[in-house]
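The structure under discussion appears below in the form of structure tokens.
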Amino acid sequence: MSLKQTIEEIVEKHLPDETHFIVDIQLIENSSKPQLKILIDADQGVSIDACAFISRQVGEEIEAKELLEDAYVLEVSSPGVDYPLNSRRQYEKNIGRKLKVTLTDGKETEGELLQVGPSEIVLKVIKKEKGKKATEEDLVYPLEEIKKSIVLVSFK
């Protein structure tokens, strides 16, 4: 089992409840001190207390098991609004929000996330053609064809 998988199991064990989930775990070793970044999310958002709790529990277990030999920086946080969606659960959490989706072929689409299926998402896209009335269309995108999806924040 790799170090990343071991750390993932440790984090999973210390999540406060079933509404919390792991988004990403990154071990960055290109600085003077290795940096372990753990990104978590929850169905109703992540609190600072949850991040602090996970940080303490995971840090103690990493130390006890001596998984990292040298001093390291441990950062536990939520992914932030500009972090790409990378799991079905993140898509489900963002139903009703506007996304910018980049496909593997480079095409980009913006639209409201209507639903998430087992292997696809459905976006409501507004099509505007010069001289014509704008129309709405529901488009289905297979998850395997999505390179990157970002939630678009509206300040209206």
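For Gln115, the residues 5 or more places off, or on other chains, whose built amide H falls under 5 Å of its own are Val122.
Full extension of the chain between Lys156 and Leu3 yields a length gain of 50.7 nm, computed as 0.36 nm times the residue separation minus the alpha carbon distance.
Subtracting the Cα-Cα distance of Asp105 and Lys148 from 0.36 nm times their residue separation leaves 14.4 nm of extension gain. Relative to the Cα centre, the charge distribution of the chain, modelled as +1 at Lys and Arg Cβ and -1 at Asp and Glu Cβ, gives a dipole magnitude of about 1120 debye.
D by Stokes-Einstein for the chain, Kirkwood Rh over Cα pairs, 37 °C, 0.692 mPa s: 186 µm²/s. Taking only the Cα atoms of region 65-156, the ratio Rg/Rh comes out at 1.15, with Rh defined as the Kirkwood radius. Working value for region 3-77: equivalent-ellipsoid semi-axes of 21, 13, 11 Å, each the square root of 5 times a Cα gyration tensor eigenvalue, largest first.
Hey, with R₀ at 22 Å, roughly what FRET efficiency would Val125 and Glu92 work out to, going by the Cβ-Cβ distance, to 0.05?
Values: r = 20 Å, r/R0 = 0.89.
E(calc), rounded to 0.05, equals 0.65.
Over the residues of the chain, the helix contribution to mean residue ellipticity at 222 nm works out to -7000 deg cm²/dmol, using -39500 (n - 2.57) for each DSSP H run of at least 4. Exceedance of the 21 Å cut-off in Cα-Cα distance is limited, within the set Lys124/Lys148; Lys124/Lys156; Lys93/Lys148; Lys107/Lys127; Lys132/Lys156, to Lys132/Lys156. For the pair Glu12 and Asp82, label points projected 7 Å from Cα toward Cβ lie 3.2 nm apart. Between Glu66 and Val140, the modelled label-to-label distance comes to 5.5 nm, taking each label 7 Å out from Cα in the direction of the beta carbon.
All of the numbers you see were taken from the coordinates with simple rules; none came from a lab. It should be emphasised that the depicted structure is a prediction, and the values quoted were computed from it without experimental measurement. Note that we place each Cβ from the backbone using ideal geometry, even for glycine, and neighbour counts take in every protein chain shown.
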